[in-house]
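*Asks:* Here it is, the structure, as structure tokens.
Since every read-out is calculated from the coordinates, none of them should be taken as a lab result. This structure is a prediction, so every number in the text was calculated from the model and none was measured. Every residue, glycine among them, receives a Cβ derived from its backbone with ideal geometry; neighbour counts consider all protein chains shown.
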Amino acid sequence: MEKEPGASKTNYLRISVTDRCNLRCRYCTYWRDWRKLPSVEILRYEELLRLAAIAAEMGISKVRITGGEPLVRRGLVEFLGKLHHVPGINKVCLTTNGVLLRELAPALYDTGLRHLNISLDTLRRERYRQITGRDNLAEVLAGLERAASLGFHPLKINCVVLKGINDEEVLDLAMLAQDHPYQVRFIELMPTVSQEWWQRHFQPLSEVRRRLTVLGPLMPSTREATAGPARNFRVPGFRGELGFISPMSGHHCRTCNRLRLTADGKLRPCLLAASELDLKGPMRLGLGDDLLGYLFQEAVELKAGKARFSLVHSHQPGRSMVSIGG
């Protein structure tokens, strides 16, 4: 299928290695109904490495490891070390909630990992507990400091902006990039739990940017070929940068370059579209690499056909976000 003119090349794969998490973030999943996957249903590391190699043959050059919370899965450090040696994968990244980062950061660094995203929606202890259901803010901040001291770069901080909950903190969070080479990224809330909760707490990033005008002019940064949807800006006098991800008010379907592999082996062309392709079943039945590659190509073609998909008119993503990988 021919891509729509101007559409991005699909060169970025997000891999969820687990649906387990040590937090209970309110915007992630309706936790009362959540049931974790049986261990046998989750892809083994050798299966993930095989699929990563096939993906690289199909043009994927960047891989991001997600969860759930990836650091809760045993053996992750060894897996990351092997992933760095998959031919064709030029960039390996990790997204974490940071709770276990202080302890594991040195071992992660030793694998060759440098690209690290840390989820942090507030700098206030009680509000952190309100959003995540846990009292782990001190551990996350300690993990961020440890990662910075080791030299992880880029070191990105992901903040989901929630109207009426943490939106008054956007300036405080932005100031983290003043004295540190962090990239603080503000993300619009998506309707991943319920339409009612989303409508109550959705804050367009146009309002966030308006509140940050006190910092001075925002100067656009250069965008990499494998970059995600963030629009990044430099701020006068800041060591770091600010980023804005607006999937709702300015959705980026036409320029999206990502596929997602869920913890149980489903390949999704789009986060909030229902379509997904089963890789685990055929792989465990003995399907060869060439035919598995055709499934990756089919996902790319499905993605091209969704170039005008509207997140605003979507509902839930059809399964819990904790197993999709966000």
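*Asks:* Straight distance only, please: which aspartates and glutamates reach the Cα of residue 9 with their own Cα at less than 12 Å, same-chain residues fewer than 8 apart left out?
*Replies:* Correct list for residue 9: 301.
*Asks:* Just want to confirm a number: the relative contact order over region 116-239, from Cα pairs under 8 angstrom separated by 6+ residues, in percent.
*Replies:* Working: 159 pairs, mean separation 27.3, N = 124.
Reported as a whole number, the value is 22 percent.
*Asks:* So, one more: Under the rule that a partner needs its Cβ under 4.7 Å from the first Cβ, which Cys of the chain have none?
*Replies:* Taking the Cβ cut-off of 4.7 Å, the unpaired cysteines of the chain are 21, 93, 159, 253, 256, 270.
*Asks:* Can you give me the C-alpha center-to-center distance between region 64-108 and region 184-220, rounded to a whole angstrom?
*Replies:* Rounded to whole Å, the Cα centres lie 28 Å apart.
*Asks:* Further question on the same structure: Could you work out the local net charge near residue 277, counting Lys and Arg as +1, Asp and Glu as -1, over the other residues with Cβ closer than 13 Å to its Cβ? Can you show the working numbers first?
*Replies:* Details: positive: 260, 266, 268, 280, 303; negative: 264, 276, 278, 298, 301.
So the surrounding residues net to 0.
*Asks:* Further question on the same structure: Express the relative contact order of the chain as a whole percentage, based on alpha carbon pairs under 8 Å and six or more residues apart in sequence.
*Replies:* 22 percent
*Asks:* Taking the Cβ of residue 167 as the centre, find all other residues whose Cβ is under 14 Å away and add up their charges (Lys, Arg: +1; Asp, Glu: -1).
*Replies:* On the way: positive: 124, 127, 163, 200, 209, 210, 211; negative: 121, 168, 169, 172, 188, 207.
Taking every other residue near residue 167 into account, the sum is +1.
*Asks:* Of all DSSP beta bridges in the chain, what percent run antiparallel (nearest 5)?
*Replies:* Values: 11 of 44 bridges.
DSSP beta bridges in the chain are roughly 25 percent antiparallel.
*Asks:* Shifting gears a bit: Highest first, please rank the peptides 130-143, 179-192, 31-44 by the mean number of other Cβ atoms sitting within 10 Å of their residues.
*Replies:* Details: 130-143: 18.2, 179-192: 20.9, 31-44: 12.9.
Per-residue Cβ counts within 10 Å, averaged per peptide and sorted highest first, yield 179-192, 130-143, 31-44.
*Asks:* Rounded, prolate or oblate, given the Cα gyration tensor of the chain, with a/c below 1.5 counting as rounded?
*Replies:* On the way: a/c = 1.43, a/b = 1.31, b/c = 1.09.
Cα axes put the chain in the rounded bin.
*Asks:* I need two numbers for region 103-228: Rg to one decimal and Dmax as a whole number, Cα atoms only, in Å.
*Replies:* 15.6, 44
*Asks:* Could you work out the relative contact order of region 106-176, using alpha carbon pairs under 8 angstrom and six or more residues apart, expressed as a whole percent? Write down the numbers at each step before the final one.
*Replies:* On the way: 65 pairs, mean separation 30.8, N = 71.
Relative CO of region 106-176 lands at 43 percent.
*Asks:* Based on the inverse mean of 1/r over its pairs of different Cα atoms, what is the Kirkwood hydrodynamic radius of region 88-168, in Å? Numbers along the way, then the final one.
*Replies:* Numbers: mean 1/r = 0.0752 Å⁻¹.
The answer is 13.3 Å.
*Asks:* Net charge around residue 109, counting only other residues with Cβ within less than 15 Å of its Cβ (Lys, Arg = +1; Asp, Glu = -1)?
*Replies:* Around residue 109, the surrounding residues sum to -1.
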